[in-house]
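All remarks here apply to the structure that follows.
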Amino acid sequence: MTNLEYIREMLLLQQKLNDETNGIGWENGYTKNDKIINWKRCIYMECAELIDSFNWKHWKDIEKPIDWENAVIEIVDIWHFVMSLILEDGKIRRGKGIDRMARDVTDVQGFERFTKEPNSIKDAPSAEIINDIEKIMHETTGFQVEIYNSLLKNYFSLTLKCGVNLKILYKYYIAKNVLNGFRQNHGYKDGSYKKVWDGKEDNIVMLEIMDAKILGADELYKELDKAYAIIK
């Protein structure tokens with residue numbers, strides 16, 4: 001696959017997931033249940049969760065190591081909402097199709113570097129990374145956000161510092177997309193879904209399944225189904 005194809009496929013999957021979860025026409029800012037959608041808020045809330053992967057507290061667990069496994073999950077969660085913002089903006093404000101949106105993403109400054117090897121996390125400067133996360137939070141708390149020249153540029157830089165490049169993001173996005181669909185099909189919206197499986201969050205179970213086997217989307221869904229059936 002080309003770099004453009006990676007982006008295009010993820011945008012298509014996100015469009016499908018949003019259509020199924022929120023209803024056709026969600027780009028107008030409302031779900032099928034007339035719930036207001038705010039993708040910027042989704043982004044900065046996930047950014048706050050990403051910060052919690054780092055040892056930032058000066059009064060508690062000061063020797064606690066960085067939770068890189070969770071950091072990757074949060075990076076992918078942020079990407080879901082960044083793409084949703086791209087899709088909403090592209091359709092409503094710019095009248096663009098997904099092919100053009102994908103090309104616009106690949107034209108962003110820093111994208112080419114994002115397709116190369118990620119930074120080593122061995123000596124990652126956590127204070128610097130937290131500052132970069134907060135920069136994205138600041139961008140998404142105002143009325144307007146510059147998606148391509150600022151938000152995406154900063155997001156690609158951040159993910160590289162967290163050891164994630166385009167191919168790694170694609171791998172984990174596909175897996176999380178499957179998990180999100182699995183959640184919706186098992187009562188996530190009405191609150192009946194169990195997110196903790198025998199003491200582990202479903203995100204962690206998903207990562208363990210992925211580490212054990214190389215699976216496609218359908219196979220991963222079946223493995224999640226098996227694991228979830230045991231704990232119900």
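The values are calculated or read from the model by the stated rules, or taken from the named source; none is laboratory data. Nothing here was measured: the structure is a model prediction, and the numbers come from that model. Glycine also receives a Cβ, built like all others from the backbone with ideal geometry; neighbour counts cover every protein chain displayed.
For the stretch 46-55, filtered to residues that are surrounded by 16 or more Cβ atoms within 10 Å (Cβ to Cβ) and of a type in the set (A, V, I, L, M, F, W, C), the residue that is farthest from Asn18 (Cα to Cα) is Phe54.
Any chance the stretch 163-177 includes a residue that's under 18 Å from Leu85 (Cα atoms), modelled with pLDDT under 90, surrounded by fewer than 17 Cβ atoms within 10 Å (Cβ to Cβ) and not basic (Lys, Arg)? There is no residue in the stretch 163-177 that is under 18 Å from Leu85 (Cα atoms), modelled with pLDDT under 90, surrounded by fewer than 17 Cβ atoms within 10 Å (Cβ to Cβ) and not basic (Lys, Arg). Close Cβ contacts (under 6 Å, 6 or more residues apart or on different chains) running from residues in the stretch 217-232 that are closer than 15 Å to Gly199 by Cβ to residues that are modelled with pLDDT under 90 and surrounded by fewer than 13 Cβ atoms within 10 Å (Cβ to Cβ) comprise Ile231/Asp198. Taken together, Asn154, Asn131, Asn119 contain a single residue that is in contact with a Lys or Arg (Cβ under 9 Å, 6 or more places away or on another chain) and at pLDDT 95 or above, which is Asn154. Taking every residue in the stretch 191-207 that is of a type in the set (Phe, Trp, Tyr) and pairing it with any residue that is surrounded by 13 or more Cβ atoms within 10 Å (Cβ to Cβ) and part of a loop (DSSP other than H, G, I, E, B), at least 6 positions away or on another chain, the pairs with Cβ-Cβ distances below 7 Å are Tyr193/His186. Residue pairs whose Cβ atoms lie under 8 Å apart, sitting 6 or more positions apart in sequence or on different chains, and linking a residue in the stretch 132-157 that is free of Cβ contacts under 8 Å to residues at least 24 places away in the same chain and farther than 19 Å from Asn3 by Cβ to a partner that is polar (S, T, N, Q) and part of a helix (DSSP H, G or I), are Lys135/Asn154; Glu139/Ser150; Glu139/Asn154. Anything in the stretch 79-120 that is buried (at least 17 other Cβ atoms within 10 Å of the Cβ) and either among the aliphatic types (A, V, I, L, M) or in contact with a strand residue (DSSP E or B) (Cβ under 6 Å, 6 or more places away or on another chain) (or both)? List them, or say none. If the condition is that a residue be buried (at least 17 other Cβ atoms within 10 Å of the Cβ) and either among the aliphatic types (A, V, I, L, M) or in contact with a strand residue (DSSP E or B) (Cβ under 6 Å, 6 or more places away or on another chain) (or both), then Val82, Met83, Leu85, Ile86, Leu87, Ile98, Met101, Ala102, Val105, Val108 are the ones that fit.
Within the stretch 86-106, residues that are among the β-branched types (Val, Ile, Thr) sit with their Cβ atoms under 9 Å from residues that are surrounded by fewer than 12 Cβ atoms within 10 Å (Cβ to Cβ) and in a helix (DSSP H, G or I), at 6+ positions apart or across chains, in these pairs: Ile92/Asn28. Inspect all residues belonging to the stretch 186-202 and state whether any of them is polar (S, T, N, Q), surrounded by fewer than 17 Cβ atoms within 10 Å (Cβ to Cβ) and modelled with pLDDT of 90 or more. Yes, some residue in the stretch 186-202 is polar (S, T, N, Q), surrounded by fewer than 17 Cβ atoms within 10 Å (Cβ to Cβ) and modelled with pLDDT of 90 or more.
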